[in-house]
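**Q** Following this message is one structure expressed as structure tokens.
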Amino acid sequence: MPEYAYKAIDQFGKEKKGTMKVDTIEAVYDTLRVNGMTPIEVGEATLFNREINISIGNPIKPRDLSVFCRQFISMIGAGITIIDALDMLSEQTENKVLSKALGGVKMEIGKGETLSNAMAGFPKVFPDIMVKMIAAGEASGKLEIAFDRMGAHFEKSAKLKAILKKAAVYPIMIGLLAVIVIIVMLTFVIPRYSTMFADLDTELPALTVMVVNASNFLIKKWYVAIAVVAAVVGGFMFFKKSQTGKVVLSTISRKAPIFGKLTVKSAASNFSRTLSTLIYSGLPMVEALAITAGTMSNLQFRNKVEEAREEVMRGIPLSEPLLRDKLFPPMIGHMTRIGEETGQLEDMLTKMADYYDEEVEMATQTVLAAMEPMIIMLLAGIVCVLLGSVLAPMLTLYNSLDSL
């Protein structure tokens with residue numbers, strides 16, 4: 001399908017630019033006019049006028065979607081139409097990808113699409129859980145409630161991700177610092193002593209020989225070191241994306257001595273929060289479990305939710321597979337069973353999500369408290385080894401002089 005670039009004036013007199021994929025150029029004019037815009041210039045998209053978005057990772061964060069939901073509710077509550085609300089939000093949002101998507105959603109609504117169907121056309125921006133919730137809100141006439149629920153859901157997700165990121169950033173920064181210290185020592189400090197070591201009329205300790213050789217290799221063949229590091233990183237990324245890698249890494253993250261509990265509790269929180277939100281919207285349990293499984297980052301937990309979904313399809317209560325395999329914490333299964341028996345599953349899941357949110361925060365603090373002394377000891381060990389390699393020959397020389 002051809003892509004056309006356009007320039008138009010909206011109903012507020014502001015200039016708009018963008019691109020549109022349609023069958024004919026006439027369709028561009030029709031779509032712009034339907035959306036209350038006056039076309040100024042329309043032509044085939046080229047390398048110079050095509051919109052190019054370059055981003056690393058997922059450009060849309062839960063925080064962006066949370067802010068969007070809250071602002072959308074406020075505007076609709078003030079009596080602003082959906083199209084005008086999308087137009088204003090498209091202009092004021094700082095995330096360029098979200099801004100373009102909102103403009104596209106507005107265009108689709110102008111063609112007669114529902115809000116949920118229009119959002120479904122941008123799966124990289126609006127997650128499936130959001131599209132389903134909005135569709136349910138449209139069907140029940142409770143669109144504002146659906147957006148309010150999604151806003152709360154994304155706020156909790158953003159908070160959870162921030163907590164997990166906090167646990168990961170500290171060791172990564174310390175690891176980078178350790179690498180920098182090693183490189184500086186090997187490329188600047190050790191070479192200053194290499195000449196002195198060569199002039200010593202004594203056999204160098206094995207530790208000194210090893211460090212000097214490493215220094216010479218890094219200085220003379222740095223490109224080989226870079227190639228090795230690149231190969232290791234590339235191999236790890238390939239392994240991480242493979243099915244075997246996903247299984248191995250998901251198992252390690254779940255059973256790791258320090259991070260294991262954090263992984264399990266964050267998965268329990270995500271499962272409870274997402275399933276509660278979907279059940280509240282009126283989605284059938286089977287469909288809600290399918291969407292929930294897609295939000296699980298750990299492969300083992302994702303497969304477990306898929307297996308539970310298959311059993312629910314056969315008429316088995318959700319609590320049974322959750323209690324049987326012991327992958328999720330026992331509390332998840334027990335509370336789910338109570339919710340099923342009392343008809344208050346959504347409330348029980350919400351309470352569990354709140355509980356495990358607090359547990360994740362406490363587990364993060366525990367992880368950081370445990371890692372801090374370990375990382376300090378590791379850095380101290382690296383520095384001691386490098387300094388020891390410098391001081392060892394001197395001590396050997398002094399000892400030989402004292403024996404004369």
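The values are calculated or read from the model by the stated rules, or taken from the named source; none is laboratory data. None of the values given here were measured: they were computed from a predicted structure. Glycine gets a Cβ as well: all are built from the backbone with ideal geometry, and neighbour counts include every protein chain shown. In case anyone asks, the SASA skips ligands and DNA or RNA and just uses the protein heavy atoms, side chains included. Shrake-Rupley method; radii C 1.70, N 1.55, O 1.52, S 1.80 Å.
**Q** Which ones in region 330-367 are of a type in the set (S, T, N, Q) and assigned to a helix (DSSP H, G or I)?
**A** Passing the criteria: Thr336, Thr342, Thr350, Thr364, Gln365, Thr366.
**Q** Name every residue in region 136-155 that is assigned to a helix (DSSP H, G or I) and either in contact with a Cys (Cβ under 8 Å, 6 or more places away or on another chain) or open to solvent by 80 Å² or more (accessible area, probe 1.4 Å) (or both), in order of residue number.
**A** Residues satisfying the conditions are Ala139, Glu144, Phe147, Asp148, Met150, Gly151, Phe154.
**Q** With the requirement that a residue be within 14 Å of Ser272 (Cβ to Cβ), assigned to a helix (DSSP H, G or I) and not hydrophobic (A, V, I, L, M, F, W, C), what does region 310-329 give you?
**A** Ser319 - this is the single residue of region 310-329 that is within 14 Å of Ser272 (Cβ to Cβ), assigned to a helix (DSSP H, G or I) and not hydrophobic (A, V, I, L, M, F, W, C).
**Q** What tally of residues in region 278-304 results from selecting those that are open to solvent by less than 50 Å² (accessible area, probe 1.4 Å), outside any loop (DSSP other than H, G, I, E, B) and more than 25 Å from Ser116 (Cβ to Cβ)?
**A** The total comes to 4.
**Q** For region 68-101, enumerate the residues that are open to solvent by 20 Å² or more (accessible area, probe 1.4 Å), without any contact (Cβ under 8 Å) to a residue 60 or more places away in the chain, of a type in the set (A, V, I, L, M) and not in a loop (DSSP other than H, G, I, E, B).
**A** Hits for region 68-101 are Met75, Ile82, Ile83, Met88, Val97.
**Q** While we're looking at this one, here's another question. Scan region 183-193 and give yes if some residue there is within 18 Å of Pro393 (Cβ to Cβ), open to solvent by less than 90 Å² (accessible area, probe 1.4 Å), touching a helix residue (DSSP H, G or I) at 6+ places or on another chain (Cβ under 8 Å) and among the polar types (S, T, N, Q), otherwise no.
**A** Checking region 183-193: not a single residue is within 18 Å of Pro393 (Cβ to Cβ), open to solvent by less than 90 Å² (accessible area, probe 1.4 Å), touching a helix residue (DSSP H, G or I) at 6+ places or on another chain (Cβ under 8 Å) and among the polar types (S, T, N, Q).
**Q** Testing Asn270 on (1) surrounded by fewer than 22 Cβ atoms within 10 Å (Cβ to Cβ); (2) part of a helix (DSSP H, G or I), one condition comes back false. Which one is that?
**A** (1)
**Q** Which count do you get for residues in region 102-113 that are outside any helix (DSSP H, G or I) and either within 29 Å of the chain's Cα centre (by Cα) or of a type in the set (Asp, Glu) (or both)?
**A** Of the residues in region 102-113, 1 are outside any helix (DSSP H, G or I) and either within 29 Å of the chain's Cα centre (by Cα) or of a type in the set (Asp, Glu) (or both).
**Q** Quick one: in region 206-236, which of the residues that are touching a residue at least 60 places away in the same chain (Cβ under 8 Å) and not polar (S, T, N, Q) is surrounded by the most Cβ atoms within 10 Å (Cβ to Cβ)?
**A** Filtering first and then ranking leaves Val211.
**Q** Moving to a separate point now. Determine, yes or no, whether Pro171 is modelled with pLDDT of 80 or more, part of a helix (DSSP H, G or I), more than 30 Å from Gly103 (Cβ to Cβ) and open to solvent by less than 60 Å² (accessible area, probe 1.4 Å).
**A** So Pro171 fails the test.
**Q** Just a yes or no: is a residue in region 117-125 part of a helix (DSSP H, G or I) and touching a residue at least 24 places away in the same chain (Cβ under 8 Å)?
**A** Checking region 117-125: not a single residue is part of a helix (DSSP H, G or I) and touching a residue at least 24 places away in the same chain (Cβ under 8 Å).
**Q** Determine if region 193-204 includes at least one residue that is farther than 30 Å from Ser66 by Cβ, assigned to a helix (DSSP H, G or I) and under 37 Å from the mean Cα position of the chain (by Cα).
**A** The answer is no; no qualifying residue exists.
**Q** Taking only region 132-168 into account, find how many residues are touching a helix residue (DSSP H, G or I) at 6+ places or on another chain (Cβ under 7 Å), closer than 26 Å to Ile382 by Cβ and either of a type in the set (Lys, Arg) or modelled with pLDDT of 85 or more (or both).
**A** Total meeting the criteria: 1.
**Q** Of all residues in region 324-339, which are farther than 22 Å from Asp357 by Cβ and crowded, with 16+ Cβ neighbours inside 10 Å?
**A** none
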